[in-house]
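Everything on this sheet refers to the single structure shown next.
Readers should treat all values here as calculations from the given coordinates under stated rules, not as data from a laboratory. Given the structure is predicted, the values throughout are model-derived calculations rather than measurements. Cβ sites come from the backbone with ideal geometry, for glycine too, and all protein chains shown count toward neighbours.
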Amino acid sequence: MIIINGQRLLKNTKISGITLFPFILLRRKSDRKNKILINHERIHIRQQMELLIIIFYIWYLSEYYIRYLKYKNPNLAYRNISFEREAYANEQNTDYLSKRKIWSFVRYL
């Protein structure tokens, strides 16, 4: 996991952080201290490793578009992606990754 200040890339977005294996890009330098955000992104790192990175991105985008067709709302589509549901549900539990079983995101489909 390599944390990078992605201020230029994320400047005109609402995104606080994004994980592009093995990098976590953060919009603000101060977000390096945000344990919840970092944990959220670390969960995505684990998900990406489990799905051999490329499969993760294909699955993620496919699920986003399916959810978008269902909800007709980009934010609702994003929030209901199984990977995001797992990350948001467990981002405050800093021990989650040490106890997490492989492919745990499947429970959030």
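By the Kirkwood approach, averaging reciprocal distances over each pair of separate Cα atoms, the stretch 2-103 gets a hydrodynamic radius of 14.2 Å. Please identify the helices of the chain, taking whole runs of DSSP H, that span at least 18 Å along their own axis as judged from the Cα atoms and have a mean Kyte-Doolittle score of 0.0 or higher. What comes out of the filter, once short or polar helices are dropped, is 54-71. For the stretch 16-23, backbone phi angles converted through the Karplus equation (6.51, -1.76, 1.60; θ = phi - 60°) give residue-by-residue couplings of 7, x, 8, 10, 10, 2, x, 9 Hz, Gly and Pro being listed as x. Lysine pairs in the chain whose alpha-carbon atoms fall under 28 angstrom of each other, counting only those eight or more residues apart or on distinct chains, come to 13. Close amide H partners of ARG28, meaning residues 5 or more places away or on another chain with modelled amide H under 5 Å apart, do not exist here.
Evaluating 6.51 cos²θ - 1.76 cosθ + 1.60 at θ = phi - 60° for every residue in the stretch 92-103, the Karplus couplings come out as 7, 8, 5, 8, 3, 5, 6, 10, 5, 8, 4, 6 Hz, glycine and proline recorded as x. Gyration tensor over the Cα atoms of the stretch 48-99: the corresponding equivalent ellipsoid has semi-axes (square roots of 5 times the eigenvalues, largest first) of 22, 16, 5 Å. Once you mark the trypsin sites (Lys or Arg not before Pro) that are in a DSSP loop and have at most 11 other Cβ atoms within 10 Å, what is the longest gap between them in the chain? The answer is 15-71. When the helices of the chain are scored as -39500 (n - 2.57) per DSSP H run of n ≥ 4 and the total is divided over every residue, the value at 222 nm lands at -15000 deg cm²/dmol.
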